Amino acid sequence: MTEPRPEQEYFAHLAQGRFMLQRARGSGRVFFPPRVAEPVTGARDLQWTPASGRGTVYATTVVRPKPPQAPYNVVLVDLAEGPRVMSRVEGVAPEAVRIGMAVTARIGMHDGKAVLLFDPAGE
């Protein structure tokens with residue numbers, strides 16, 4: 001029997017244009033990163049569920065690489081479903097990203113792979 005590969009499944013969903021999170025059927029708890037068992041309880045009754053894509057910036061920093069590379073931000077986003085994820089906010093200057101900013105997830109490409117990104121939420 002082959003062990004499940006939750007991280008690979010997560011990236012396969014992204015590659016198909018779907019932002020999915022794992023949820024424990026018994027508790028209803030949604031968590032990230034993907035894993036083979038629910039944190040704390042160890043329950044293995046997990047399913048993939050579509051994420052709303054809504055979130056709030058919890059923390060942000062600006063990375064300033066050597067020129068000619070442009071500065072970019074790295075953020076922690078609290079998802080509406082509860083988990084916290086690390087990503088980037090695009091569509092605004094890196095310095096314009098603020099703690100508490102409402103954001104919306106989208107799937108983008110980086111180095112030929114699907115990745116989770118965020119844009120400022122429309123007000």
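The values are calculated or read from the model by the stated rules, or taken from the named source; none is laboratory data. Just so you know, these numbers come straight off a predicted model, no measurement behind them. In this analysis, Cβ positions are derived from the backbone assuming ideal geometry, glycine residues included, and neighbour counts consider all displayed protein chains.
Of the residues making up region 78-87, at least one is more than 15 Å from LEU117 (Cβ to Cβ) and touching a residue at least 60 places away in the same chain (Cβ under 8 Å). Looking only at residues of region 108-123 that are among the hydrophobic types (A, V, I, L, M, F, W, C) and closer than 14 Å to GLY55 by Cβ, we find that the one that is surrounded by the fewest Cβ atoms within 10 Å (Cβ to Cβ) is ALA121. Among the residues making up region 1-35, a single one is β-branched (Val, Ile, Thr) and within 19 Å of GLY82 (Cβ to Cβ): VAL30. If you check VAL30, VAL40, VAL85, VAL36 for being of a type in the set (Val, Ile, Thr) and not assigned by TED's automatic domain parsing to the domain that holds GLN16, only one passes: VAL85.
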